[in-house]
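Only the coordinates and a few stated rules stand behind these numbers; no lab work does. A quick note: this is a predicted structure, and the numbers were derived from the prediction, not measured. A quick note on method: Cβ atoms are made from the backbone with ideal geometry, for glycine too, and the neighbour counts reach across all protein chains shown.
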Amino acid sequence: MTFHQITMKTYYQTRILRLFIAALAVAVAGNLLAAEKGAPGTSPQGAAFAFPVFTPPADAVRLKPGDDIQAAIDRHKPGTAFVLTKGLYRTGNLKPKEGNSFYGELNADGTQGTICNGSRLITNFQTLPNGQWAITGQTQQNGITQFQKDDPRTMKGHERAIYVEDVFLDDTFLRHAANRNALAGGMFYFDYPNRTVYIADDPQGKRVEVSFYPLAIGGTATGVIIRNIQFEKYASFSWLGAVSAQGHRWLVEGCAARLGASQHHL
């Protein structure tokens, strides 16, 4: 087997979750990332599980939610280890240096406490006369995924599943409506030319997120290690994942991905 980049979209990875639960190290030139569709700390079947514990080096640089991870990477020399303390990090497109390692922290019950989230939290909405809600200023357009118009996933009513952006209402996927006139409850419509997302569900009192970053971490550095981090809500292409390496000898252990683009579009 040659060591070429191995990248798989989370849609195709649900069957390998148990390998990661068993702390299988994927030491290949690319990444093979565990994926789950359920809540954090649960398997696809809904059963709770504990992730393996990894101890970071004593001299690791500790970061907290709100810190600029890329700035920390840039400030430190290659080979630096980083600890992402428990909490939510809205981040993406991280480019590590040679030999960087990244450690998350676990909760007391063994579930992952460090979460990297590729979406933006939406707090400002415009109420429209027709009962819809508008979210303006959405400049992201990461492109069209590998699903083409003859793919069954783009069947009638799902034509816009080819776009990788998603909207989440309290951690629930909204389906991308074929057009604004087709918009109904449980759906959204992204008007890319006008940079506006429309939803039919009342967002008041709910957490609304729109996926923004196409990946969490990637690049050409070699010898990168990632452990005990959960990745969620990235607008990844169908042939990529939240972690996408172009360098050699990446090691991903005790990680999981959920709520990624394309794993839900049917």
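Points to keep in mind about this one:
- Residue order, fewest to most surrounding Cβ atoms within 10 angstrom, among His176, His248: His248, His176
- In terms of the mean number of neighbouring beta-carbon atoms within 10 Å, the peptides 220-233, 198-211, 181-194 order highest first as 220-233, 198-211, 181-194.
- With a simple spin-label model that places each label point 7 Å from the Cα along the Cα-to-Cβ direction, the separation between Asn194 and Lys86 comes to 4.5 nm.
- A protection proxy built from the mean count of other Cβ atoms within 10 Å ranks the segments 86-94, 50-58, most packed first, as 86-94, 50-58.
- Projected label distance in nm at Thr220 and Arg249, using a 7 Å step from Cα toward the beta-carbon: 1.8 nm
- Residue order for Ser101, Ser119, Ser236, fewest other beta carbons within 10 angstrom first, comes to Ser101, Ser119, Ser236.
- Segment Thr123-Glu98, extension gain: residue separation times 0.36 nm, minus the distance between their alpha carbons: 5.2 nm
- Going from the fewest other Cβ atoms within 10 Å to the most, the residues Leu63, Leu215, Leu240 appear in the order Leu63, Leu215, Leu240.
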